[in-house]
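A short write-up of the structure that comes next.
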Amino acid sequence: MSQVAIVMGSNSDLPVVRGAIDVLKTFGVDFEAHVISAHRTPAKAEEFAKKAASSGVKIIIAAAGKAAHLGGVIAAYTTLPVIALPIKSSFMDGLDSLLSMVQMPAGIPVAAVGVNAADNAGILAVQMLAISDNELAKKLQEFKAEMAASVEEKDKKLQKELYDNI
Ligand code: RP5
């Protein structure tokens with residue numbers, strides 16, 4: 001059973017979306033992925049969103065570019081949390097996608113991450129699941145500890161470089 005469902009407006013979004021897929025795989029989270037368009041296949045978007053909760057999905061990641069209404073349309077038909085991933089388009093560098101996703105009217109929120117920030121969409125989904133999953137929470141703590149260690153390592157390198165060049 002998929003805990004996270006990823007929907008993307010087009011298969012042209014997949015190279016970016018892979019970042020979220022990689023995160024979910026790393027944390028061992030079951031997921032499914034579909035191409036569904038809010039504009040080109042609106043009936044399918046509605047059907048998917050209405051059935052998601054009863055099929056066991058807990059979180060939806062919706063990736064789209066340009067007039068990126070996918071996250072909002074999905075959120076309109078479900079009470080599941082929707083994480084919107086704006087895709088960088090050829091026009092305005094993805095600002096169009098970001099604003100389409102983030103400027104939702106009151107009552108229908110989506111949690112938008114940064115433009116092309118697929119890894120953060122994946123991590124946020126894992127964090128939501130970790131609220132009720134101690135094993136995932138532990139993995140997230142380890143992940144953060146590794147990240148902190150790598151920053152410490154970078155600082156050590158910087159200090160060494162600066163010291164050596166004095
Ligand atoms: C959006 O339009 C998709 O999410 C994609 O980012 C963008 C372009 O789609 P294609 O024309 O490449 O199918 O709906």
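The values are calculated or read from the model by the stated rules, or taken from the named source; none is laboratory data. Predicted model, so just to flag it, every value in this text is computed and none were measured. Note that each Cβ is placed from the backbone with ideal geometry, even for glycine, and that neighbours are counted across all protein chains shown. Ligands, DNA and RNA are excluded from the accessible area calculation, which covers all protein heavy atoms including side chains. Shrake-Rupley method; radii C 1.70, N 1.55, O 1.52, S 1.80 Å.
A single entry from LEU80, LEU70, LEU98 fulfils the requirement of being within 23 Å of VAL35 (Cβ to Cβ), out of contact with any Gly (no Cβ under 7 Å at 6 or more places or on another chain) and either small (Gly, Ala, Ser) or within 14 Å of the ligand (Cβ to nearest atom) (or both): LEU98. Out of the residues in segment 40-51 meeting the condition of being in contact (Cβ under 8 Å) with a residue 24 or more places away in the chain and farther than 15 Å from SER10 by Cα, tell me which one is farthest from the ligand (Cβ to nearest atom). Out of the qualifying residues, it is LYS50. A search for C-beta distances below 9 Å between a residue of segment 60-73 that is open to solvent by less than 30 Å² (accessible area, probe 1.4 Å) and any residue that is more than 9 Å from the ligand (Cβ to nearest atom) and among the acidic types (Asp, Glu), counting only pairs 6+ apart in sequence or on different chains, returns GLY65/ASP96; ALA68/ASP96. Considering only segment 42-90, how many residues are closer than 16 Å to PHE31 by Cα, outside any loop (DSSP other than H, G, I, E, B) and among the basic types (Lys, Arg)? Looking only at that region, the number is 1.
Of these, SER10, SER54, SER2, SER37, which one is on the phi < 0 side of the Ramachandran plot, open to solvent by less than 30 Å² (accessible area, probe 1.4 Å), more than 16 Å from the ligand (Cβ to nearest atom) and modelled with pLDDT of 95 or more?
Checking each option against the conditions leaves just SER2.
Close contacts from segment 138-154, counting a first residue that is within 20 Å of VAL29 (Cα to Cα) and a second that is surrounded by 11 or more Cβ atoms within 10 Å (Cβ to Cβ), with Cβ to Cβ under 7 Å and a gap of 6+ residues or different chains, come to LYS139/PHE27; LEU140/VAL126; LEU140/GLN127; LEU140/ALA130. Among residues of segment 13-24 being away from the ligand (no atom under 16 Å from the Cβ) and out of contact with any Phe, Trp or Tyr (no Cβ under 8 Å at 6 or more places or on another chain), the one that is most open to solvent (accessible area, probe 1.4 Å) is ASP22. Checking each residue in segment 5-39 for being under 23 Å from SER100 (Cβ atoms), in a helix (DSSP H, G or I) and hydrophobic (A, V, I, L, M, F, W, C) picks out LEU14, VAL16, VAL17, ALA20, ILE21.
One residue alone among VAL102, VAL113 is open to solvent by 60 Å² or more (accessible area, probe 1.4 Å) and not basic (Lys, Arg), and that residue is VAL102.
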